[in-house]
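The values are calculated or read from the model by the stated rules, or taken from the named source; none is laboratory data. None of these values were measured; they are calculated from a predicted model. Cβ placement follows ideal geometry from the backbone for every residue including glycine, while neighbour counts extend to all protein chains displayed. These area figures cover heavy atoms from the full protein model, side chains too; ligands, DNA and RNA do not enter into them. Shrake-Rupley method; radii C 1.70, N 1.55, O 1.52, S 1.80 Å.
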Amino acid sequence: MAPSAQQISLGSLTFDLTVDGPEDGDPVVLLHGFPQSADCWRRVAPAVAEAGYRVVAPDLRGYSPGARPADPAEYAMTKLVGDVTGLADALGWSRFHVVGHDWGGALAWHVAGRHPERVRTLTSVSTPHPAAFLAAKQGGPSADGDDQNDPVVDTARSILDGHIVLSRDLAQRGQYPAIDVGASLSRVMSDVASPQQNLLARSLRALVSAYESNRDLLLMGAYRPGADPLVDRGIALHPRIAEFLKQDVAERVSLDEATAQLQQLIGNDQ
């Protein structure tokens, strides 16, 4: 069967695809890298199809002429993942093999991480697991684990659910684990935590941020109480918040216990 060109529309976007292989073959989606197109698979796709697989190689968002939104926010990783699963839905694929190269490999890892129930196998060409990539980058001669502006490290972080940032400054103050609450994040917390837990977490972040952003003024005696009610409350609660954030290696605290403690600590801020 010769390769054929097809188009699939997802909302306002239309994607160009190269399709090959028997219609009843196990489905495989090939994700190209940057700056490439589905043409990068022109020698691979026929071999995979000849092995009995149904192969689809799309021109991804930004490459298909009909799928080039002007807003940079439309190229977020969640949008790209949605394109892959949307194409699979349009093709009638509940589960599929995914193969990615270069940036397509990063996307493939993210598809598998976000939708493991949809992915039969994952093959990433030249793109390591995001956690391994980030660990190697941070351990390399040009990387500093405290550098939040390294574009390569930031790209790896964007592939992961989120990240925990450890602070040398907090460690020097004797706070362990030395987690920088303001700089750490989870991209799925809003989906997996309860509304109450999300509200408490936002309140805690606001208080910690208010205190840390004014800590130098406070240490110099230059902060005027009453200038900002949030800062005043952050200062007043700081010893209790710092104690709440500490945890000994052998200490075990359940999620329900932590939520109750946090509610008791800052519940009045909600």
**Item:** Members of segment 99-115 that are assigned to a strand (DSSP E or B) and among the β-branched types (V, I, T)
**Value:** V99
**Prompt:** Looking at L60, is it open to solvent by less than 30 Å² (accessible area, probe 1.4 Å) and under 18 Å from the mean Cα position of the chain (by Cα)?
**Reply:** no
**Request:** Could you please find all residues in segment 61-80 being acidic (D, E) and either part of a helix (DSSP H, G or I) or within 12 Å of H101 (Cα to Cα) (or both)?
**Result:** E74
**Request:** Could you please find all residues in segment 39-57 being more than 20 Å from T121 (Cα to Cα) and either modelled with pLDDT of 95 or more or surrounded by fewer than 14 Cβ atoms within 10 Å (Cβ to Cβ) (or both)?
**Result:** D39, R42, R43
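So that you can scan it fast, the table gives a plain yes or no per residue for (1) modelled with pLDDT under 65; (2) assigned to a loop (DSSP other than H, G, I, E, B); (3) open to solvent by less than 60 Å² (accessible area, probe 1.4 Å):
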| residue | (1), (2), (3) |
| --- | --- |
| E117 | no, yes, no |
| A132 | no, no, yes |
| A136 | no, no, no |
| D147 | yes, yes, yes |
**Asked** Quick one: in segment 211-270, which of the residues that are among the basic types (K, R) and either buried (at least 17 other Cβ atoms within 10 Å of the Cβ) or touching a residue at least 60 places away in the same chain (Cβ under 8 Å) (or both) is nearest to A178 (Cα to Cα)?
**Response** K246
**Request:** Might you check whether a residue that is part of a helix (DSSP H, G or I), more than 17 Å from the chain's Cα centre (by Cα) and buried (at least 18 other Cβ atoms within 10 Å of the Cβ) occurs anywhere in segment 88-98?
**Result:** yes
**Fill in**
In segment 22-38, anything within 18 Å of S94 (Cα to Cα) and not in a strand (DSSP E or B) is listed as P22, E23, D24, G25, D26
**Request:** Select from segment 1-18 the residues that are outside any loop (DSSP other than H, G, I, E, B) and surrounded by fewer than 19 Cβ atoms within 10 Å (Cβ to Cβ) and write down the one among them that is modelled with the lowest pLDDT.
**Result:** S4
**Prompt:** Looking at (1) in contact with a Phe, Trp or Tyr (Cβ under 7 Å, 6 or more places away or on another chain); (2) at pLDDT below 85; (3) among the polar types (S, T, N, Q), which is the only condition S124 fails?
**Reply:** (2)
**Fill in**
The lone condition T85 fails out of (1) part of a strand (DSSP E or B); (2) open to solvent by less than 30 Å² (accessible area, probe 1.4 Å) is (1)
**Prompt:** Of the residues that sit in segment 192-228 and are charged (D, E, K, R) and under 22 Å from the mean Cα position of the chain (by Cα), which one is farthest from E243 (Cα to Cα)?
**Reply:** R202
**Prompt:** So which residues in segment 39-60 are of a type in the set (A, V, I, L, M, F, W, C), part of a helix (DSSP H, G or I) and in contact (Cβ under 8 Å) with a residue 12 or more places away in the chain?
**Reply:** C40, W41, V44, A45, V48, A49
